[in-house]
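Read the structure below first, then the notes.
FYI, it's all coordinate maths here, none of it is from the lab. Treat the numbers as computed from the prediction; the structure is a model and nothing was measured.
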Amino acid sequence: MTISITASAPERRRLVLLVDADADTRRMYAEYLRLSSSWSVEEAADGREALAKAITRHPAAVVTETRLPGMSGFDLCRLLRSDPLTAYISIVVVTGNPLESDIARAKLAGADSVLVKPCLPDRLHATLGQVVDAADQANVASATPAADPRDRVRSGLAPPLVSCPSCDMRLRYIRSHVGGVGKFRHEQWDYFECTAGCGTFQYRQRTRKLRRV
């Protein structure tokens, strides 16, 4: 299947995974985020459930408490960051423990931002937008080719803007792989994921084809 490259795409809701043992807390945040124009929501009540959903649903962001049944939020952060399939996910920790040592521990485990309860939903919404937008900008910057044409072989070409063949939403860029048999004979494969949960896709620069992986 050949997918045309588009210069722009309509706004789509990003998926956020809310992880908290307290159902009322999850409900409060979920209702606010669902009412916004930016987010769809998945929920998990413990660390193991959250890890499984992060791997299968590919959210743009995870919001987690540190105190969870089965697996702590610290361990969840570490596991998400250590797996190439989830390392790109933005992580916001919302914790009821204001100790500086726990805040530092969360950041060391991989959290992009740490918020201390009580945390109002509008503050969480703003923080989510900031960390995900920062991640998107970092992805674009890291994928921008160098000015020297010879460096394009080493650094790669900028990934295209492609849409999901299943739901037509803009795919989120993850990473690129460049390889080949010689300096001027190289291939580039760009990897994307659908934040609506349709899966992970590979785009081949030479053939301009997108396929599910």
Legend entry - Segment residue 24-residue 207, length gained on full extension (0.36 nm per residue, minus Cα span): 60.9 nm
Legend entry - Shape of region 14-140, Cα gyration tensor, a/c cut at 1.5: rounded
Inset, instruction - List every residue whose amide H lies under 5 Å from the amide H of residue 18, counting only residues 5 or more places away in sequence or on a different chain, with H placed 1.01 Å from N in the peptide plane. - result: 42, 43, 44, 63
Legend entry - Residues of type aspartates and glutamates that residue 53 reaches as a straight line, Cα spacing below 12 Å, ignoring anything fewer than 8 places off in the same chain: 42, 43
Legend entry - Linear extension gain, residue 75 paired with residue 175, 0.36 nm per residue minus alpha-carbon span: 33.6 nm
